[in-house]
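The values are calculated or read from the model by the stated rules, or taken from the named source; none is laboratory data. Please read these numbers as outputs of a predicted model, since none were measured by experiment. Cβ sites come from the backbone with ideal geometry, for glycine too, and all protein chains shown count toward neighbours. With ligands, DNA and RNA removed, areas are computed over all heavy atoms of the protein, side chains included. Shrake-Rupley method; radii C 1.70, N 1.55, O 1.52, S 1.80 Å.
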Amino acid sequence: MAKTITVIPGDGIGPEVTEATRTVLDAAGADVEWEEQVAGLAGLDRLKSPLPDVTLDSIRRNGVCLKGPLTTPMGTGFRSINVAIRKTFDLYANVRPALSMVPGGRYEDIDLVLIRENTEGLYVGVEHYIGLEGDPRAAAESVMIITRHGSERIVRYAFEYARDHGRKKVTLAHKANILKYTQGLFLDVGREVAKEFEGQVAFEDRIIDATAMQLVVDPYSFDVLVMENMFGDILSDLMAGLVGGLGLAPAANIGKDAAMFEAVHGSAPDIAGLGVANPSSLILSGAMMMEHVGQAPVASRVREALGRVLEDPSRRTRDLGGSASTSEFTRAVLDELE
Ligand code: NAI
Ligand code: MG
């Protein structure tokens with residue numbers, strides 16, 4: 001039976017790259033029924049809400065969502081629609097692979113996966129100003145929240161991911177030397193979980209700043225990395241940079257009952273509507289989604305076809321130094337699938 005999947009085209013370049021992704025997945029033989037919903041600016045426009053209930057109901061029902069980038073409208077009470085979706089469905093694991101697909105970059109053959117905690121840390125939004133001597137913004141304070149529950153499930157997810165994908169090592173990156181309580185708890189819980197996987201998956205821990213340097217100097221010394229929310233946000237962009245930039249960076253947001261697949265990049269208002277966006281990031285997210293719904297052969301076909309197009313400089317999009325439009329690039333991937 002076909003799997004029903006909620007698809008949110010999104011804002012800016014979202015509709016262009018989402019259309020490309022659907023076309024490619026369909027051509028690769030995805031057994032999928034698409035249920036289109038709106039959010040972000042398009043949601044506000046059509047249903048007067050940046051996060052309409054029908055959209056949330058659809059994700060709840062289907063448990064899987066492909067989402068184009070969303071622009072968070074000002075003055076609607078949302079810090080970020082993307083964060084709101086992650087929170088609503090408790091999508092605690094943000095999985096961000098960095099895989100070399102374009103030859104001639106800084107490095108060849110990079111194959112790393114960063115697992116970022118998606119619900120805690122400094123991004124819980126507990127922050128305020130402190131007024132002093134007539135200055136209402138004399139200081140500001142943000143709270144970093146780390147729980148045993150949150151730490152345990154993300155590190156466990158990283159180990160299970162490593163084991164199930166035939167990977168050798170999990171590196172837990174942290175700042176426990178300075179943030180002894182929050183990061184210390186994350187590290188301690190991580191070490192406990194690691195013991196359960198002894199003999200199956202190797203484990204090491206590293207200070208976050210040293211990890212950043214080591215990723216640039218010798219990325220091959222890593223395999224799967226796991227870390228708290230903000231560190232993961234920063235290092236996943238660094239890792240995207242190692243393999244050619246945001247146009248090639250996919251992401252999965254995984255929870256117990258739902259999963260959302262999206263590009264790491266945003267709605268790129270500067271190139272929206274020009275037909276030049278690189279759809280690879282969302283296509284790769286789509287491939288991850290096919291694996292998630294038990295259609296791994298579709299994912300392999302998509303990655304192979306995309307890889308062959310990316311190897312050819314004349315078929316690349318502008319962000320990768322080529323001149324292909326979004327539709328020419330998509331056509332090239334479809335040709336490779338035939
Ligand atoms: P952005 O990722 O949209 O754009 C950054 C730069 O990268 C721009 O120069 C853009 O043209 C380029 N770029 C991004 N994706 C590209 C692609 N597929 N092909 C070619 N070039 C691409 O980040 P920015 O400008 O900071 O944010 C724009 C909007 O997107 C904001 O409203 C932001 O809130 C939203 N956003 C949404 C995200 C999501 O839905 N998950 C994630 C990040 C930002
Ligand atoms: Mg980010």
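Among the chymotrypsin sites (Phe, Trp or Tyr not before Pro) within the stretch 134-221, those in coil by DSSP and having at most 14 neighbouring Cβ atoms inside 10 Å are TYR181.
In loop segments of the stretch 77-126 as defined by DSSP, the GluC sites (Glu not before Pro) with at most 12 further C-beta atoms inside 10 Å of their C-beta are GLU108.
Please calculate how many Å² of accessible area the stretch 124-242 carries per residue, with a 1.4 Å probe and no DNA, RNA or ligand atoms counted. Don't jump to the answer; show the numbers that get you there.
On the way: 6120 Å² over 119 residues.
In whole numbers, the stretch 124-242 has 51 Å² accessible per residue.
Computed packing ranks the peptides 84-97, 127-140 as 84-97, 127-140, most packed first, by mean other Cβ atoms within 10 Å. For the stretch 124-242, the Cα-based Rg and Dmax, in that order, read 16.8, 60 Å. Using a 1.4 Å probe, what is the accessible area per residue for the stretch 1-44, in Å²? Using a 1.4 Å probe on heavy atoms only, each residue of the stretch 1-44 averages 36 Å². Modelled label positions at ASP26 and GLU160, each set 7 Å beyond Cα in the direction of Cβ, lie 3.4 nm from each other.
Count charges around ALA249 for me, please; just the other residues with Cβ under 11 Å from its Cβ, Lys/Arg as +1, Asp/Glu as -1.
On the way: positive: ARG96; negative: ASP237, GLU262.
Here the charged neighbours net out to -1.
Nearest 5 is fine: what % of DSSP beta bridges in the stretch 124-242 come out antiparallel, could you say? If we restrict to bridges inside the stretch 124-242, about 35 percent are antiparallel.
In debye, nearest 20, what is the charge dipole magnitude of the stretch 124-242 about its Cα centre with +1 on Lys and Arg Cβ and -1 on Asp and Glu Cβ, if you could check?
Values: 13 positive and 19 negative charges, 77 e Å.
About 380 debye.
Annotation: lysines with alpha-carbon distance below 23 angstrom to LYS169 (same-chain offsets under eight excluded): LYS195.
Pulled fully out, how much extra length does the chain show between THR88 and LEU47, if you take 0.36 nm times their separation in residues and subtract their Cα-Cα distance? If you can, show how the numbers build up before the last one.
Working: separation 41, 0.36 × 41 = 14.76 nm, distance 1.91 nm.
Between THR88 and LEU47, full extension yields an extra 12.8 nm.
Note on the stretch 203-338: Cα Rg divided by 2.2 N^0.38 Å, N the number of residues, gives 1.15. Of the solvent-accessible surface of the chain, computed with a 1.4 Å probe and all protein chains present, 52% belongs to carbon and sulfur.
The modelled label-to-label distance between GLU311 and MET74, using points 7 Å beyond Cα along the C-beta direction, is 4.8 nm. Taking 0.36 nm per residue of separation and subtracting the Cα-Cα distance, full extension of the segment from GLU291 to ALA138 would add 50.1 nm.
Annotation: lysines with alpha-carbon distance below 30 angstrom to LYS3 (same-chain offsets under eight excluded): LYS48, LYS67, LYS87, LYS256. Using every Cα-Cα pair within the chain, state what percent have a distance larger than 33 Å. Here the long-distance tail beyond 33 Å is 28 percent of all Cα pairs in the chain.
Fully extended, how many nm does the chain gain between TYR220 and ARG191 (0.36 nm per residue separation, minus their Cα-Cα distance)? Mind showing how you got there, number by number?
Details: separation 29, 0.36 × 29 = 10.44 nm, distance 2.28 nm.
Result: 8.2 nm gained on full extension.
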